[in-house]
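Below you'll find the structure, written out as structure tokens, and then a few comments.
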Amino acid sequence: MLGFIIRRLISAILVMFSISVLVFLIFFATPGVDPAARIAGRSASPAIIAQVRHAFGLDRPLPIRWALMMDHLFIKQDLSSYVNIGSRVVPQITQAAPVTLSLVAGAAVIWMVIGVTGGVIAAANRGKFIDPVIMFIGIAAVSVPAYWLGEVVNLITQGGLHHSIFAWVPPSGYVPITQSPGQWALHLIMPWLTLAALYAGIYARVLRAELVNALNEDYVRTARAKGLSERRILIRHALRCSLIPIVSLFGLDFGALIGGAALLTEVVFGLPGVGLLTYTSLQNLDLPVIMGAVMYGAFFVVLANAVVDIAYAFLDPRVRIA
Amino acid sequence: MIALGVLILILLSVIVAPFYAHDIAHTNPFTSNLNGTTVISGRTVPVLQPNTQGLGLGVTPIGPTWDFRHYFLGADNQGRDVFARLLYGGRNSLFIGTVSAIICCGVAAVLGMLAGYFGGVIDWVLSRIFDIVWAFPVYLLAISLSVVLLTSGLNLGPVHVGPGSLWLPIVIIAAVYVPYVARPVRGLTMSLREREFIQAAIGSGASDWRILTKEVLPNTLPSVIVFFPLMVAFNMLTESALSFLSIGVQPPAASWGTIINDGLGLLYTRPWVALAPGIMIVITAVSLNILGDGVRDAFDPKAKLRGAV
């Protein structure tokens, strides 16, 4: 087991390294892209561009620039923005991270509850009327663009109905949990529901399929032969096995969302998380901030992948050998 | 079957977009029309109407007329006919979704088969590339590539793609989804390689090229085809998200995502500008997903009994 964990962590570090190189190459070495010209502005003369190139160290060889960038980003942590000169990238990300974490954690609770309940109800009633209804709702939830759903939610809760039944919904924004837990939850409830919709749909569909498979297994037949109730078989026997793929899926999705997949929801609801930070730096092409945020996101995804694999190996010893 | 019908209906309606704009609505949906007028129940009214409430500053585009001959869904803040733009936007959204799905599935099938068939160094290199792209959040990778390429276009030797070209989002979206299809194809090819009929082909001295095209390809093609409708839906949703962030389709061209973006500032006054393209996206994606389920059941009738997703 220990050997597996070490191998898995080494490969995670290698992937992190490759991603840092890839991100760096995308932003600083794509053919035809000149960051110096971008920093200098649209109508800068060649002399000024050359000056900027030298001042930002962009005339050095690529590997050295990569090393310098990583040094500023991870070791000295003093990488600063190209646009708002003097504002540091790393503190901006650490400030934004709790917002993203609040959004994703709350949404995760909601989608797990709805997804698992929906999947179990559909599997328990397979072939009856309610099953295809739940599965259709699942398909619809998967097909709705998250940002558009957010806009529709805004339109309903902040528009004409804001003065009657949705008067309790606060204007979009964020209140830290340390300041007021009640306001924190109230400000996040609509973003939570919006973000949860897509994943609840996916999870209900995956879980239903796993459950229907499990219900055809021998151990379920044995349980039936013992005379256990159908409800007990479904919950205590089939669901326990079917939850394993759900748990690993959950780890990956959670990592990806913390890592930036929640960007659109943050933008639509004006939550100052890492996604919104990425979005605003996109608009003024602030390369160091974009790069910092993307690296941060990739870090969480790689970490989540490693944790999921290790947890899997813990649950299922057969995986450890491969 | 209903899903297929709905898709064909949407396809037909976007195909007639130029006809609608030119011959029915008499409008050019790509140029701003700030001083335009239209006739509603006998009265000539400006397309952008001065605000009467508050300070009376600024203008609000006219709302839906619910009349197919002019401004069925109203105008956007450039005074352009939203319904005409919706049809043209559908062309771009569907085109980008479909073409990038074709490229993505094609590239993924080739790479997956090569990795699975040859194994060794080729497999190791390709698998590591898939791992890295896989570990990169899809939207972040797409956003990074779009930001860089949209400002300067793509220059790869003799190939030059302009910054406003539709091919940029197509290539970017296709690239980020390659591992999602390539990994299953690789696994399938690896298991096929051990099967007797492939071993027999190798034993009888067939070339690698012949085995890949005549033996492996026909057996991997069904699973790639099963992926295809889902990839079109995925890619269309990704395109709309990029366009919504204004790093996908570039103005004055439209896609459903850019129209939602246009409608953002008008959300509380003229909600239909943002609502209509979203509804189109949802209907299309639902139909594609249901079609995908149907295609899977057709190729693998047992999947339905097993209850696969």
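None of the figures in this text is laboratory data; all of them are computed from the coordinates on show. Given the structure is predicted, the values throughout are model-derived calculations rather than measurements. We place every Cβ from the backbone using ideal geometry, glycine too, and count neighbours over all the protein chains shown.
Using helices alone, what [θ] at 222 nm do you get for chain B, with -39,500 (n - 2.57) per DSSP H run of 4 or more residues, divided over all residues and rounded to the nearest 500? Before the final figure, lay out the partial values.
Values: 10 runs with 187 residues, N = 309.
The helix contribution divided over chain B gives -20500 deg cm²/dmol.
Between the helical axis of A:274-283 and the longest alpha-carbon principal axis of chain A there is an angle of about 40 degrees.
Just tell me the longest site-free run in chain B, where the sites are trypsin sites (Lys or Arg not before Pro) in a DSSP loop having at most 13 other beta-carbon atoms within 10 Å. With trypsin sites (Lys or Arg not before Pro) excluded where exposed in loops, chain B gives B:70-194 as its longest stretch.
Inter-chain neighbour count for B:141-147: the average number of beta-carbon atoms from partner chains within 10 Å of each residue's beta-carbon is 6.
Note on the stretch A:221-322: with charges restricted to the Cβ of Lys and Arg (+1) and Asp and Glu (-1), its dipole about the Cα centre is near 1060 debye.
Charges were assigned to the Cβ only: +1 to each Lys and Arg, -1 to each Asp and Glu. The resulting dipole of chain B about its Cα centre is roughly 160 debye. About the centre of its Cα atoms, the protein assembly as shown shows a dipole size close to 1060 debye [charges on the beta carbon of Lys, Arg (+1) and Asp, Glu (-1) only; nearest 20 debye]. For q values of 0.14 Å⁻¹, compute log₁₀ I(q)/I(0) with the Debye formula on a Cα-only model of chain B, without solvent. Rounded to two decimals, the profile gives -1.08.
For the stretch A:75-216, the residue among A:T117, A:A140, A:L215 whose Cα projects farthest onto the positive side of the dipole built from Cβ charges is A:L215. For the stretch A:2-89, the C-alpha radius of gyration sits at 1.36 times the compact-globule guess of 2.2 N^0.38 Å, with N the residue count. Converting the Cα gyration tensor eigenvalues of the stretch A:185-311 into ellipsoid dimensions via √(5λ) gives semi-axes, longest first, of 40, 17, 9 Å. Taking only DSSP H segments of four or more residues, each worth -39500 (n - 2.57), what value at 222 nm results for chain A once the sum is divided by all its residues, to the nearest 500 deg cm²/dmol? Calculated at 222 nm, the ellipticity per residue is -23000 deg cm²/dmol.
Inside 10 Å of the C-beta atoms of B:236-242, what's the mean count of C-beta atoms belonging to other chains? Walk me through the intermediate numbers first.
Values: counts 2, 7, 1, 0, 3, 6, 0.
Mean partner-chain Cβ count within 10 Å for B:236-242: 3.
Computed over Cα pairs, the Kirkwood radius of the stretch A:90-319 leads via Stokes-Einstein (1.567 mPa s, 4 °C) to a diffusion coefficient of 67 µm² per second. Dimensions of the protein assembly as shown from C-alpha coordinates, computed as largest minus smallest value along each principal axis and given longest first, are 76, 65, 61 Å. Over chain B, Cα pairs under 8 Å with separation of 6+ residues give a relative contact order of 21 percent. For chain B, leaving out every one of the chymotrypsin sites (Phe, Trp or Tyr not before Pro) that falls in a DSSP loop and has at most 11 other Cβ atoms within 10 Å, the longest unbroken run is B:69-309. Near B:K214, which aspartates and glutamates are there with a Cα under 18 Å away, not counting those fewer than 8 places off in the same chain? Straight-distance partners of B:K214: B:E194, B:E196.
Within 10 Å of the Cβ of each residue in A:212-220, the mean number of Cβ atoms contributed by other protein chains is 1.
Comparing mean-square fluctuations of B:P169, B:P229, B:P251 from a GNM of chain B with C-alpha springs under 10 Å, the top value falls on B:P251.
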